[in-house]
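The values are calculated or read from the model by the stated rules, or taken from the named source; none is laboratory data. As the structure is a prediction and not an experimental result, all values here were calculated from the model. With ideal geometry, Cβ positions are generated from the backbone for all residues, glycine too; neighbour counts draw on all protein chains shown. For accessibility, only protein heavy atoms count, side chains too; no ligands or nucleic acids. Shrake-Rupley method; radii C 1.70, N 1.55, O 1.52, S 1.80 Å.
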Amino acid sequence: MREVEKAAAKSGAPFLAADKPLGEARIRWSQAFDALTRIAALEDALASARDTPGQDETFRRLKAERDALRRAIRSGTLWEESTGS
């Protein structure tokens with residue numbers, strides 16, 4: 001959660017905007033929470049794939065997805081993707 005809060009503050013996350021309606025803020029917060037939940041699931045899947053022989057390609061795919069999602073959160077592109085901008 002702290003990673004999302006820090007990234008949200010740096011990137012101008014829409015759910016922090018005081019001039020936005022409460023409903024929109026809730027939707028944006030839900031998007032942030034979903035992204036954080038997805039990162040946690042990817043971390044678990046990575047740990048499993050790391051410990052399973054023959055899962056090299058799966059591991060690389062999961063790691064790439066996790067890393068891309070982290071970059072999207074940190075850079076603020078998560079909000080652009082979710083708003084269609």
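Looking at Ser82, Ser48, which one is at pLDDT below 95, out of contact with any Asp or Glu (no Cβ under 9 Å at 6 or more places or on another chain) and within 21 Å of Arg2 (Cβ to Cβ)? After applying the criteria, what remains is Ser82. Taken together, the criteria place Arg71 among residues that are closer than 20 Å to Arg2 by Cβ, of a type in the set (D, E, K, R) and open to solvent by 70 Å² or more (accessible area, probe 1.4 Å). Cβ-Cβ contacts under 8 Å between residues 6 or more apart (or on different chains), taken from a first residue in the stretch 21-40 that is touching a residue at least 12 places away in the same chain (Cβ under 8 Å) to a second residue that is in a helix (DSSP H, G or I) and among the charged types (D, E, K, R), are listed as Leu36/Glu3; Ile39/Arg66; Ile39/Arg70.
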